[in-house]
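Visitor: To start, I am sharing the structure in question, which I have written as structure tokens.
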Amino acid sequence: MSSGTETQPGAAVDPTPPVTGQTAQTRTERLLELVQRQGAIAVLVLVVIVSSVTSPGFVSGGNITSILVGNSYQALLALGMTFVIISGGIDLSVGSVFALGGVLAAWGAGHGGPLAAILLPLVVCGAFGLVQGLLVARTGMAPFIVTLAGMLGARGLLQAISHEGQSTYQVPAGSWFAALGRGTWPPVLTAVVLFALGALLLQRTRFGHNVFALGGNENAATLMGVPVRRTKTLVYVLSGLLAGGAGMLNASRLTSGVTEIGVGYELTAIAVTVIGGTLLAGGAGSVLGTAAGVLLLAVIQNLIGHYISQYGSSASAAVNGAFLAVVVLLQTYLSRARRIN
Amino acid sequence: MTADLAAGAARRVNRAQLVGWLRDYGVYGGIVVLLIVDTALNPNFLSASDLRVQTYQLVPTLLVSLGMAVVIATEGVDLSVGAVIALAASLIPLYLGYSAWIAVLVCLVGGAIAGLVNGLLVAAAGVQPIVATLAMMIGLRGVAVIFNGNQAKPIFDETLTGLGLNSTFGVPVMAWIALVVIAVAVFVVRRSAFGQRMLAVGDNRVASQLAGLPVRRVLLTVYIISGLLAALAGVLLVGHGAEADPANQGLNIELSAITAVVVGGTPLTGGRIRVIGTVAGALFMQLLSATLIQHNVPNSYAQMVEAVIICAAVYVARERGSR
Amino acid sequence: MSEGEGSGPPEGAVVLDVSEVSKSFPGVHALRGVSLRLGAGRVHALVGENGAGKSTLIKVMTGVYRPDGGTVRLADSEVGFADPIEAQRAGISTIYQEINLVPLMSVARNLFLGREPRRFGVVDVRTMNRDAVTVLRDYGLDVDASVVARPLRTLGLGAQQMVAIARAIQIDARVVVMDEPTSSLERREVITLFEVIRRLRARGIAVLYVSHRLDELYTICDDVTVMRDGSVVHTGKLAELDRLKLVSLMLGRDMAQVKRNGVTAFAADHGEIAEKPVLRAEDLQVRHRVHGVSLDIRPGEVVGLGGLLGSGRSETAKAIAGGMKRDGGTVEVAGSRLRRATAGEAVRAGVVLLPEDRKAEGIIPSLSVRQNIALAALPRLSRIGLVSRRKQDEIVAYFMDRLRIKAAGPEQKVSELSGGNQQKVLLARWLCLHPKVLLLDEPTRGIDVGAKAEVQKLIDELAGDGLGVLLISSELEELIEGSDRVVVLREGTVVSELDGDQLDEAHLMHALASESVAAEAENSEAGDDR
């Protein structure tokens, strides 16, 4: 009976078939997963091709640059959101923080010069993200409630700075701060560079790997030695910095700090992130996907605006919501199939 | 050393008790304090005209909060309530031509359908409540604006504006509606089979499932209730403002509703509901903003105070959950 | 693999020395002066039934809990870990039953998380993937660079388990704790795992192997420690302990003192049993857990379901009651087949389950005793959706009285009651539905002696009233004295059925300890090879 307990050199010949890296998925699931991850890019390509064939005006240089420029700054919110959502959280405050960043930048440009205009929003919005991150990471409060309160708080803060929205701060004429976001290429290049850096941070650094681990399985991440609290906090700091920075660049472009801006931007940012293939439950996603999501919605919005000019933005909100619902259903279906496996 | 331990334990119990007390009754204390402060500083604070204005502002939020409380009791959340209000606001002008009551009916049906979709996403498809209702929040307002157009439309129908402005027996119609809804809510929670099942599902879903409860049906129902109440709030907002403005009506009301529920002592973790507490929570937040406005505190600071109160209320409620 | 043929590994130096460790939780002495020594290059089995203290001991060793007393020495120096990561860094790695990795991350990232090879400050993915292939091939995994770049969950469970082990060992492990590593593995994967364990042994690593599967223990382990009720009852070489002896140690029964009646409150003579079964389950299948179990229960009969922990007892009951998805098989109640495998359907047909995990699956903690009792009967107690308070109070009062539920009153929160009274509340919840079949999963576990006797008496009464009862229990006397016949499960299949004269402890223990057909076949095959 005890024969099995002895080590037999004969066993080293390994009579068993090797355990292979077999997949535990069906073909349909793999297909759906591909759709979920790469769907945005595919649909984007499709939409661009169809619309360039059907409406010649679409491919005109002017139209394309207007799509790119018009969405560069909002895209930065989605970049931050990508990190937050992959880590398993959500940041509903980015729209307000975006507006806050703009007002601070304009105020800074007027009162302290270009450098203040750049640093002030970054510092304040980064600190704002830090507070939210600490609340989420240290107290165990739900991210959605903390950042929902943050949305209100940031909006209140910017109203207070602008005397209830009555003073609109202008960037002084001639300040080089105004050149930062002007023209076609500066905003587009900024977005491209930041997205590239974001992709590098997410895919090629320990911090990025920790973000994935945290969102994928927080318990396992803890046991694997991931600094859970620090990673969680940093993710919200990053989101705050990007939202504030985007607001700052936008203020430079508009040469003033607009107070009513940014309402509902958080929803767009979440929608494009998820449509771009990031799992809302956390643990998977990509910066490239988010970029595709941003462009896809921008193109659709452009087309809708082209055909039914009157309700352009609301129609695209409806499309957003419908898209989101479909993608989320797909994600849920996939994660269920996974659990059963 | 044993004595030390015992003392430590006693202190912990006291702290837990204190936090529990604060969670359950803090809101009533808050209301009393605000009333005392306000009447002391301004004897006219409780004047009839003032109360009327407060009521108009309170009731829509209150209705939405009650729907939210029911959803939160099942460990969910409904972020789409503001969008449902927008939907109601967009439907009214479309159907007002037939009759005011038909328009109201259509609104309620629309709200119920929105709730049904939320419920199906959560109960049948298994999507997390935040995510499901977030998709609705984004999409529905867009749909509403498409129905209505970007401009607010004035409403002249007297039945509707009457709902928002008239009084019966000296009390605004709105307040009567709210009282009826509160009474029904108390009754349902205390007396109906549904009320008990809802709490059971929110408290321990696995056990409820094993006990043979119709878990999916319960979840569907709570989201439909939330949608219905939000639509009703939308009707009242349109009637009171005498205009339908889907682009702006109901913005951020989900936050006020969640705040009212949490401040009123219903934990976000489900399994408990405090109807009267929720009413008190909504009242407290309304009084707070009225007080701040009356003392010329700018809206901006009021918002920041509200943000802090939300965090504090959730933090206090969480303390219990972690025990 | 350098040991001499047939001689077995030499006794290694003690790597981990747990000495006189005790640990208590409010109301429970989980560990009482437990000592355990793990030797280098030895595979040490840790066995015991539920509540024996195995998992607490593991948690003390791996830094999840701090012991109240006693010492843990790792390679001659005393250690006290603040958390599992510290234990891991010191060289104690744990492989959990559920694979604790991140399923959505790539295989290579899972393997190297926190230790990624870097170049110019960024992770060098190519090197990482290449290293992952090398490491995993060493563990018998047939992988290439494209496989290690895929998400972990696309691998089979066995391969995932290997990745977890590879990760654990890479952190310079000196001790590897494996907590039921094979519970969701296929047979083929188990064999590969054993290959890996043999390799660990050859490298001088101490392995603590926790499992309920006797076949596996006798295949791979050198030493054994048996725990019961928070204490060590035996430790020594596994080869010197035969199966029957091992089982009797686990269950706390000496073969010499076989008893018959008198320990439990069950009556010696059970009432009349009808001919026609009220419940018939055919060929039940639950993935990884239950493989073709068939059961009949007749009105008035108490059928015991025996088996060691992990034998598929609870899963069988749950599959019948719709609490767990059935992957195959049918359930018939009073001649009509249940169409859907949901709890609602089973409850309506009159089949109800008292779950093993009272807290997680039974009580609704913040509701009152009244609400908990009335929960399942709400449709009967209400008209047009309104619950009749009078009917509810009547029925609650009746059952609180009949089952002698001790509570401050029907409005007391159920979570404030003692375990025994919670159990009675759950029983009351079902009894007010007038069920036909009662499935009881460990109905007397964790409740005090008095309440236990009451529950046992109640089971007798209910069977006397004509209910069909399925009784799951780890206590031999409860099973034997309470049941009219006992069906014994092992690894998800029925291995024997005892009734009449055979229904005694000796037969039951033989049935529990017997070797599975598959293992017998394999052992004889191994013998042929030699």
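Visitor: Which residues' amide hydrogens lie under 5 Å from the amide hydrogen of B:Ser192, considering only partners 5 or more residues apart or on another chain, with H built in the peptide plane?
Guide: It is C:Val387, by chain and number.
Visitor: Using 0.36 nm times the number of residues separating C:Thr330 and C:Glu411, minus their current alpha carbon distance, what extension gain do you get?
Guide: 25.1 nm
Visitor: Convex hull over the alpha-carbon atoms of the range C:364-502: what's its volume per residue in Å³? The partial results should precede the final answer.
Guide: Values: hull volume 18.6 nm³, N = 139.
Here the figure is 134 Å³ per residue.
Visitor: Let me ask something else about it. In sequence order, what are the phi-derived ³J(HN,Hα) couplings for the range C:237-247 according to the Karplus relation 6.51 cos²θ - 1.76 cosθ + 1.60 with θ = phi - 60°, rounded to whole Hz, with x for glycine and proline?
Guide: Values, residue by residue: 6, 5, 4, 8, 10, 7, 4, 4, 5, 4, 5 Hz.
Visitor: Taking Rh as the Kirkwood radius computed over C-alpha pairs, what is the Stokes-Einstein D of the protein assembly as shown at 25 °C in a medium of viscosity 0.890 mPa s, expressed in µm² per second?
Guide: On the way: Rh = 33.3 Å.
After rounding, the answer is 74 µm²/s.
Visitor: To continue, here is another question. What ratio of Cα Rg to 2.2 N^0.38 Å holds for the range C:396-476? Please list the in-between numbers first.
Guide: Numbers: Rg = 12.4 Å, N = 81, 2.2 N^0.38 = 11.7 Å.
After normalising by residue count via 2.2 N^0.38 Å, the value is 1.06.
Visitor: Starting from the Cα of A:Arg230, move 7 Å in the Cα-to-Cβ direction to define the label point; list residues of the range A:196-218 whose amide nitrogen is under 13 Å from there.
Guide: A:206-208, A:210-211
Visitor: Treating the angle as unsigned and between 0 and 90°, give the value, to the nearest 10°, between the Cα long axis of helix C:517-529 and the longest Cα principal axis of chain C.
Guide: It works out to around 20 degrees.
Visitor: Sticking with this one: Could you estimate the translational diffusion coefficient of the range A:249-310 from the Stokes-Einstein equation, with Rh from the Kirkwood formula over C-alpha pairs, at 4 °C and 1.567 mPa s, in whole µm²/s? Intermediate values should be presented prior to the final figure.
Guide: Numbers: Rh = 13.4 Å.
Using the Kirkwood radius from Cα pairs, D works out to 96 µm²/s.
Visitor: In addition: Mean shadow of chain C, computed from the convex hull of its alpha carbons, in nm²?
Guide: On the way: hull surface 115.2 nm².
Taking a quarter of the hull surface, the average projection is 28.8 nm².
Visitor: Take each complete run of DSSP H in chain A, measure how far its Cα atoms stretch along the helix's own axis, and keep only those covering 18 Å or more with mean Kyte-Doolittle hydropathy at least 0.0; list them. Could you put the intermediate results ahead of the total?
Guide: Working: long enough: A:27-54 (34 Å, 1.07); A:61-86 (35 Å, 1.29); A:94-112 (25 Å, 1.21); A:114-139 (38 Å, 1.82); A:143-161 (26 Å, 1.42); A:185-204 (27 Å, 1.52); A:228-254 (39 Å, 0.59); A:287-307 (30 Å, 1.55); A:312-340 (42 Å, 0.81).
In chain A, the long hydrophobic H runs are A:27-54, A:61-86, A:94-112, A:114-139, A:143-161, A:185-204, A:228-254, A:287-307, A:312-340.
Visitor: Let me have the relative contact order for chain C, percent, based on Cα pairs under 8 Å that are six or more residues apart. Mind dumping the intermediate values first?
Guide: On the way: 1034 pairs, mean separation 76.9, N = 530.
Here the relative contact order equals 15 percent.
Visitor: What Kirkwood hydrodynamic radius do you get for the range B:107-216 when you take the inverse of the mean 1/r over all pairs of distinct Cα atoms, in Å?
Guide: Numbers: mean 1/r = 0.0570 Å⁻¹.
That comes to 17.5 Å for the range B:107-216.
Visitor: Tell me, how many Å apart are the Cα centres for the range C:301-339 and for the range B:228-245?
Guide: Going from one Cα centre to the other spans 54 Å.
Visitor: Oh, and also: Amide H to amide H under 5 Å from C:Leu208: which residues, 5+ apart in sequence or cross-chain, H placed 1.01 Å off N in plane?
Guide: Correct list: C:His44, C:Val176, C:Val177, C:Met178.
Visitor: With contacts defined as alpha carbon pairs under 8 Å and 6 or more residues apart, what's the relative contact order of chain B in percent?
Guide: Values: 536 pairs, mean separation 106.8, N = 323.
Relative CO of chain B lands at 33 percent.
Visitor: Just need the Rg to Rh number for the range C:261-400, please, alpha carbons only, Kirkwood Rh. Don't jump to the answer; show the numbers that get you there.
Guide: Details: Rg = 17.5 Å, Rh = 17.4 Å.
Value, to two decimals: 1.01.
Visitor: Which FRET efficiency value, to the nearest 0.05, is calculated for C:Asp68 and C:Ala13 with the Förster distance at 25 angstrom and r the Cβ-Cβ distance?
Guide: Numbers: r = 28 Å, r/R0 = 1.13.
Calculated value: 0.30.
Visitor: Tell me the Kirkwood radius of chain B: reciprocal of the mean inverse pair distance over distinct alpha-carbon atoms, in Å. Provide the component values of the computation, followed by the final result.
Guide: Numbers: mean 1/r = 0.0487 Å⁻¹.
The Cα-based Kirkwood calculation yields 20.5 Å.
Visitor: List the chymotrypsin sites (Phe, Trp or Tyr not before Pro) within the range B:22-110 that DSSP assigns to loop and that have no more than 11 neighbouring Cβ atoms inside 10 Å.
Guide: Working: sites: B:Tyr25, B:Tyr28, B:Phe45, B:Tyr56, B:Tyr95, B:Tyr98, B:Trp101; in loops: B:Tyr98.
In loop regions of the range B:22-110 (DSSP not H, G, I, E or B), the sparsely surrounded chymotrypsin sites (Phe, Trp or Tyr not before Pro) are B:Tyr98.
Visitor: Using DSSP to define loop residues, name the chymotrypsin sites (Phe, Trp or Tyr not before Pro) in the range C:160-233 whose beta-carbon has at most 10 other beta-carbon atoms within 10 Å. Intermediate results must be reported in sequence, preceding the final value.
Guide: Working: sites: C:Phe194, C:Tyr209, C:Tyr218; in loops: none.
Counting only loop positions with at most 10 other Cβ atoms within 10 Å, none of the chymotrypsin sites (Phe, Trp or Tyr not before Pro) in the range C:160-233 qualifies.
Visitor: Ok, one more. Can you work out the FRET efficiency for the pair A:Leu31 and C:Thr134, with r the C-beta to C-beta distance and R0 = 41 Å, to the nearest 0.05?
Guide: Numbers: r = 32 Å, r/R0 = 0.79.
E between A:Leu31 and C:Thr134, to the nearest 0.05, is 0.80.
Visitor: Can I ask one more? Specify the inter-centroid distance of the range C:41-74 and the range C:396-417, based on alpha-carbon positions, in whole Å.
Guide: 38
Visitor: Suppose the Debye formula is applied to equal point scatterers at every Cα of the range C:118-258; what is log10 I(q)/I(0) at q = 0.16, 0.20 Å⁻¹?
Guide: Log10 I(q)/I(0), no solvent term: -0.91, -1.24.
Visitor: Near the amide H of C:Leu279, under 5 Å away, which other amide H atoms are found, from residues 5 or more places off or on another chain, if H is placed in the peptide plane?
Guide: C:Ile297, C:Ala334
Visitor: Further question: Please go through the residue pairs C:Lys325/C:Lys406; C:Lys276/C:Lys457; C:Lys276/C:Lys406; C:Lys54/C:Lys237 and name each one whose alpha carbons sit more than 30 Å apart in this structure.
Guide: Values: C:Lys325/C:Lys406 35 Å; C:Lys276/C:Lys457 25 Å; C:Lys276/C:Lys406 37 Å; C:Lys54/C:Lys237 18 Å.
Beyond 30 Å: C:Lys325/C:Lys406; C:Lys276/C:Lys406.
Visitor: Under the definition of Cα pairs under 8 Å and six or more residues apart, what whole-number percent is the relative contact order of chain A? Show your work: numbers first, answer last.
Guide: Details: 542 pairs, mean separation 107.6, N = 341.
Dividing the mean separation by the residue count of chain A yields 32 percent.
Visitor: With helices defined as uninterrupted DSSP H runs, which ones in chain B have an alpha carbon span along their own long axis of at least 24 Å and mean Kyte-Doolittle hydropathy of at least -0.5? Write out the running numbers ahead of the final one.
Guide: Working: long enough: B:2-41 (51 Å, 0.68); B:48-73 (35 Å, 1.17); B:100-119 (28 Å, 2.04); B:129-148 (28 Å, 1.73); B:173-191 (27 Å, 2.33); B:215-241 (39 Å, 1.68); B:275-294 (28 Å, 1.64); B:299-321 (33 Å, 0.54).
In chain B, the long hydrophobic H runs are B:2-41, B:48-73, B:100-119, B:129-148, B:173-191, B:215-241, B:275-294, B:299-321.
Visitor: For the range C:1-155, just list the percent of Cα-Cα distances falling in each 10 Å bin from zero outward, please.
Guide: Final binned percentages: 9, 28, 27, 26, 10, 1.
Visitor: Based solely on C-alpha atoms, express the radius of gyration and the Dmax of the range A:87-189 in angstrom.
Guide: My reading of the Cα-based Rg and Dmax gives 15.4, 48 Å.
Visitor: Can I ask one more? What translational D, rounded to a whole number of µm²/s, comes out for chain A from Stokes-Einstein when the hydrodynamic radius is the Kirkwood one over Cα pairs, at 10 °C and 1.306 mPa s?
Guide: Working: Rh = 21.6 Å.
Reported coefficient: 74 µm²/s.
Visitor: Please give, to one decimal in nm, the separation of the simple spin-label points placed at B:Ala125 and A:Thr168, each 7 Å out from Cα toward the Cβ.
Guide: Result for the modelled spin labels: 4.1 nm.
Every number in this text was worked out from the coordinates using simple rules, so none of it is lab data. These numbers come from a predicted model, not from an experiment. Because the Cβ atoms are built from the backbone with ideal geometry, glycine has one as well, and the counts that use them run over all protein chains shown.
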